[in-house]
Structures are given as C-alpha cells and as structure tokens.
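Before any comments, here is the structure.
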Amino acid sequence: MSTEEISPISYPLSPISSLERPQDTTWRAGVLVGPTAVGKSDVAQWIAECLGVPILSADSMLVYRGMDIGTAKPTPAERANVPYFGIDCVDPGEPFSTGAWLSFVNRQLAEQVEGNRDQGIGNGERGAGNGKLSPISYPLSPISYLASCGADAPQLVVAGGTGLYIRALLFGLDAPPSNAASRARWTALFESGGLSALRAAVDANPAARVLLSDGDLANPRRLIRSLERAEAGDAPSGPGGAGAPPPSVVPSGDCRTKFGQLGGGTSEAREPPNLAAPAVQSRRVSGATSRGNAAPNFAPVGSPTSRGGAPAGGAAVAGLTMPRAMLAARIERRIDKMFKNGLVEEAVAVREASGGLSSTACGAIGYAEALAVADGKMTRAEAAERIAARTRQLAKRQFTWFRHQLKVEWVEVGETDTPATLAPKVLEVWKRNGYFEI
C-alpha cells in the first residue's frame, strides 16, 4: 500500500480471519481491474486487510521471482498481512502462458481449500463460525463499513490489470458464449447425481477433461462449463489452450531488443485486442471529487450489458479509473520511486541470475531501460521518460481491452481519494452486481 497515499494499517487481524476459506469447492470473489498505476493494488490490499481475506494477483509480471521493484510487487510487509496467490510462481527464465497461470492458481486455491478442511474451517466461516466477520472496533468509518458487510463480503479479492488472466479465471480459456440448454442439462445432472456424476461425465469425454486442471475437478461450475464447451467443439489443441504453443526462452541480449519492440507497462504485459468481440458498455460510480475541467477519463459511460461467459444481468467486475493527467502524474511518481528503490540494481541481478529471460518475462517494461542505464547506453532521465511513455500507452490499451472484453462498473478516483475512501465504493459495486464463484 503506497505510503504517499495513506498511512500503514496498524490494527491487528483476527488469527482466524486469514485462514477462513471455503471448505467446499468455490470461492466467492470480488474482482478489481484497472490500468497500471491507478491504485488497484492499494485498494485490494486495504480491503483484504480489513476483511482478513486473501488476494489473487492477476498480473502477468508479478508471477516472476526476483522482479519486484520494476513490477511494483506487494512489499514483504504487505504480504505478511495478507495471503497472496499468483505471485512469485516461476523464475524469469521460465516460459509462462495464461493457461499455465490458470493451472497454477487453481492448484493454489484447491490446496488452500484442502488445508481448510484439515483445520475444520468451513465455507463462509467468520471468526466464531456464525457467518459474520470478527468485529473490528476501530473508529475509521471505511473499516466499520467493511466490517458490517458480514456474509456479503468476498472470500477472495482478485486484482490485476492482465485482462487475459481475468477472463481465463472467470470464463475459461477462449471460452465461447454459454449455451443455456446444455448448461441446464449438466446442472440437472449435478443436482441429481452430485459431483461424482459430473466427474464421470468428464472422464468419459476427453474433450472436456483437457479443458480442466486438476484443481478444477472439485469445482462443479468448472466441470459443467467444460462439458458445455466440449459439446460446442471448443477444445484446445495445444498447451495453454487455443492451440497456442508455449512461450520460448529468449536470451537476455535479445530480450533487450524485444523490450524495445513491445508496448506494455510497468507491471502488466501487453494484451492483444479481440477485434471480433462486440463492445461492452460500462458505467461509473462517482468518486469523492468532481471531475470539473480535468482531463477526460478513459472509461465510457453507459448501461451495462453482458456478453460471452459473463452472467446475463449478473456480476460485473469493479474497475478504477481517473483522468489521464492524474494517471500520468502517478506513473511518473511510481517510476521515480522505482529508481530510488534500486530498479537498476534489480535489473542487473535478474540478468545475471536468469541466464536469459523468457519471452513472457520480456513484457515487463522498465528492465530493458534499467539495463541500458547500467550499461551506460542511456541516462536515468532518458530511461524514466521512455518507461513513462510506454506505461501510458499500456494504460490506454488496458482501458480499451476491459471496455470491450468485460462487463465493468467503473469507480472514479479523485485527487483526494485514498484506499480507505475507495474501498467501500468498490465493495458496493460487488454487492450490487453479485460476486463471481471461482
């Protein structure tokens, strides 16, 4: 959580709250998206600390060990307060696709559920097991608001700017539009025969089984979706789905050239556009301050609709947005902080330790520029200017991607907003639209 925006949280968490996870197979998740540097990580951290729930990071650069400063990874202190999934999954030299990430985090979530069973912690248990949050007796109104949510609170916060990760987590890899008749048939099978009947159907259908990770086998929603997709002829033909080959490992020298060719941002890799997808309108929740004559926001205003795998008329993800000029200033402050915290030294260490970065790790903006500074090929000021320009470009692409690919209700961030003031607004979006089950 950024210290320039809000003081560190000093209240103690319940010793049970950080362990309370579903004992069945699904998690009630609130999803928060937005462009790089908009503040979603700080808001997610605030909510998770207040509620005592974990965070699932949906950021394609936070998966790499040792790449901490340049990706704005949560600090050790923040991670000590909140359990994190989806961070430090692989070394920078290892290829890592969206499919690999999905399998990894599904396995993490399944292992957490198994651990909860071993400890006798059930679905939705809060403290004394009465379905309510352990009380937080502090006067700060946002915390009191969150604590009052009780059973309406999420069990998991999903936060990130990598749209492909978000879409894969919620709807599956390259998921086609749902088929109501097919879903009704498999849902009826589950209601009559339970999880074992769904598993038997999946085992008898290789096209359905290949769509699932081992962690999905205890999740009836994912089993039903795999059977539905298999009936539609939607089976992947290669690792990671959709016939996509696994990413290759790129030598570090070549990676620096590849860095210059890619767009991207400070922490999230570039998302390819889906030109065939229809636009999804979104709506905005007003922030604490008026926009006045500020630079326009990226997010459009309109009534929400649903598409693809999104629940019709149901859950929308929450998104943070702010005026362009305000976001640009935040990007510049973040870059300055990264250099002061040792970005150049970290980039050199990554280069020396990895023996070559994977093609996906090359998507992290800032490292090529930092290496150029270390090698005397670029001044720090030149590197900072280049990083800022590329990060602004990524932010624009991210807004475009989310506008077309997901149903988003936007929360506008004002100059005086902090994670404490934004957290209740994000939670209201989740409560109003419903949570996702993952």
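The values are calculated or read from the model by the stated rules, or taken from the named source; none is laboratory data. No experiment lies behind these values; they were computed from the predicted model shown. Cβ: placed from backbone, ideal geometry, glycine included. Neighbour counts: every protein chain shown.
Figures for the structure shown
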item: Residue ID - modelled with the lowest pLDDT, chosen from residues in region 168-213 that are of a type in the set (Ser, Thr, Tyr) and in a loop (DSSP other than H, G, I, E, B); result: SER178
item: Selection status of GLU346, surrounded by fewer than 17 Cβ atoms within 10 Å (Cβ to Cβ) and not assigned by TED's automatic domain parsing to the domain that holds ILE166; result: no
item: Selection count, region 397-423, where residues are over 13 Å from LEU320 (Cα atoms) and assigned to a helix (DSSP H, G or I); result: 6
item: Residue in region 147-163 that is modelled with the lowest pLDDT, counting only those that are touching a helix residue (DSSP H, G or I) at 6+ places or on another chain (Cβ under 9 Å), surrounded by fewer than 22 Cβ atoms within 10 Å (Cβ to Cβ) and part of a helix (DSSP H, G or I); result: ALA147
item: Residue in region 353-374 that is among the polar types (S, T, N, Q), assigned to a helix (DSSP H, G or I) and not assigned by TED's automatic domain parsing to the domain that holds ILE166 present; result: yes
item: Matching residues, region 102-133, being closer than 14 Å to ASP216 by Cβ and modelled with pLDDT of 80 or more; result: LEU102, SER103, PHE104, VAL105, ASN106, ARG107, GLN108, LEU109, ALA110, GLU111
item: Cβ-Cβ under 6 Å pairs, at least 6 apart or on other chains, region 339-362 side more than 10 Å from GLU94 (Cα to Cα), far side part of a helix (DSSP H, G or I) and modelled with pLDDT under 80; result: ARG351/SER252; CYS362/CYS255; CYS362/LYS258; CYS362/PHE259
